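Worksheet for the structure shown next.
The values are calculated or read from the model by the stated rules, or taken from the named source; none is laboratory data. This is a predicted model, so every value here is computed, not measured. Every residue, glycine among them, receives a Cβ derived from its backbone with ideal geometry; neighbour counts consider all protein chains shown.
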Amino acid sequence: MRLLLVSNGHGEDLSGAQLGAALQARGAEVLALPLVGDGGAYRQAGLAIAGPTRSYSTGGLGYASFAGRMAEIVQGQVLYLLRRSWRLWREARQADGLVVVGDVIPVLLAWLTGKPVVTYLVAYSSHYEGRLRLPWPCGPCLASRRFRAVFSRDALTASDLSQQLGRMVQFLGNPFMEGISAVITSPQQRSVLLLPGSRLPEAQLNLERMLALLEQLPASQQKTSFEAALVRDLGSAALEALARQRGWQLSADVSRSEQLVLQRQGLQLRCCWGQFPTLLPQAKVVISMAGTASEQAAGLGIPVLQLAGHGPQFTAGFAEAQRRLLGPAIHCAPGAVDDPATLQASAHLLKELLALPSTELKRYRTEGLQRLGTSGGTSRMARAILDAVMPG
């Protein structure tokens, strides 16, 4: 069976790569077609990619600042999307079915091909407003016979959409939690993990904002263990420039490879690459300006302190929507992005999160299971996809 796997964003690519690998392991021939982004997650999973790809500063077709949208136009993302849509149409003719991971644009494009479609609606959730309002024409497409199965990102959305569409919508788990949710966070682990995001130059600006937050901490709290999970593109040269600008010192960690240390007075931040799956379950609190990584933290029941920025991705609007999506584990201090009082309030909130009682942490874990599910969702979805698309 030949399947065309279509996605349209950084988080969607991550989920799509997990699904594609699981489908391929079950004998399907999978060709990935990321509508935006360079498809790095698919390459890492060993999946073939249709045509040449490139990445853009916003990393997707979702929440972004006005400046981010203008940057997309200047960078040529609209024309690129049109070319990728034409490539989708061509590749679909050779496929037995399409697997869509995304929202209205790939859903509509897949419907237009006339092929059998299965979709995982990773971008939509009823947690945003209580009742999901699907953009037109997403609803009619999903309700059509061309869509053999529809999967949601949480149980509430599955129930809501089953009523709206007049068909069964299933929640089988979230690929984001593969290999992470199996590890249970110990109450004795005290590290604070910084997640500045995955796209440059935004991630570097986000890290600078996080350093400014750490500088607000009282001396008694500076002895906390701080770690940062960084993408490869945010390397030692960028860290050195950032350290020099803010009065920090950068040094190598002689005890561990793949790590550097930023120091300022009593503060110490250990910067790590390629270690996120190990670092996250060890965190007591996460300071985040990221999308997917925040979801994974919430899925484990780890308190998340947001710092809103200017984007193009992690804006105040994105942060507010994320709080509605992920629930009580996500916290953000009130105030304008550039107001020094907002950083001070964030520092105070961090202190409170580090002192949360076990009853509250248990509530976060329960809520995380309801919204993200347990590990194994990828395998369950892969089996259901093949059953839905298989002839007869």
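Summary of computed values
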read-out	value
Residues of the stretch 112-148 satisfying the condition of being in a loop (DSSP other than H, G, I, E, B), within 24 Å of ARG2 (Cα to Cα) and within 21 Å of the chain's Cα centre (by Cα)	VAL122
Residues being among the β-branched types (Val, Ile, Thr) and closer than 20 Å to LEU193 by Cβ - total across the stretch 324-375	1
For GLU12: the one exception among (1) modelled with pLDDT under 95; (2) in contact with a Phe, Trp or Tyr (Cβ under 8 Å, 6 or more places away or on another chain); (3) closer than 19 Å to ILE385 by Cα	(2)
Where ARG87 falls short, out of the listed (1) modelled with pLDDT of 95 or more; (2) over 16 Å from VAL150 (Cβ atoms); (3) not hydroxyl-bearing (Ser, Thr, Tyr)	(1)
Test: residue in the stretch 297-309 that is farther than 18 Å from THR224 by Cβ and in contact with a Pro (Cβ under 6 Å, 6 or more places away or on another chain)	no
Leading residue by the ranking (modelled with the lowest pLDDT) among those in the stretch 328-354 that are part of a loop (DSSP other than H, G, I, E, B) and farther than 28 Å from SER126 by Cα	ASP338
Contacts under 7 angstrom Cβ, first residue in the stretch 353-374 being within 16 Å of LYS284 (Cα to Cα), partner aliphatic (A, V, I, L, M) and buried (at least 17 other Cβ atoms within 10 Å of the Cβ), 6 or more apart	LEU353/VAL285; LEU353/LEU305; LEU354/VAL285; TYR364/ALA329; GLY368/ALA298; GLY368/LEU300; GLY368/ALA329
Among the candidates LEU325, LEU305, residue that is in a helix (DSSP H, G or I) and either among the aliphatic types (A, V, I, L, M) or in contact with a Lys or Arg (Cβ under 6 Å, 6 or more places away or on another chain) (or both)	LEU325
The stretch 15-29, residues that are surrounded by fewer than 24 Cβ atoms within 10 Å (Cβ to Cβ) and either touching a residue at least 40 places away in the same chain (Cβ under 8 Å) or assigned to a helix (DSSP H, G or I) (or both)	ALA21, ALA22, GLN24, ALA25, ARG26, ALA28
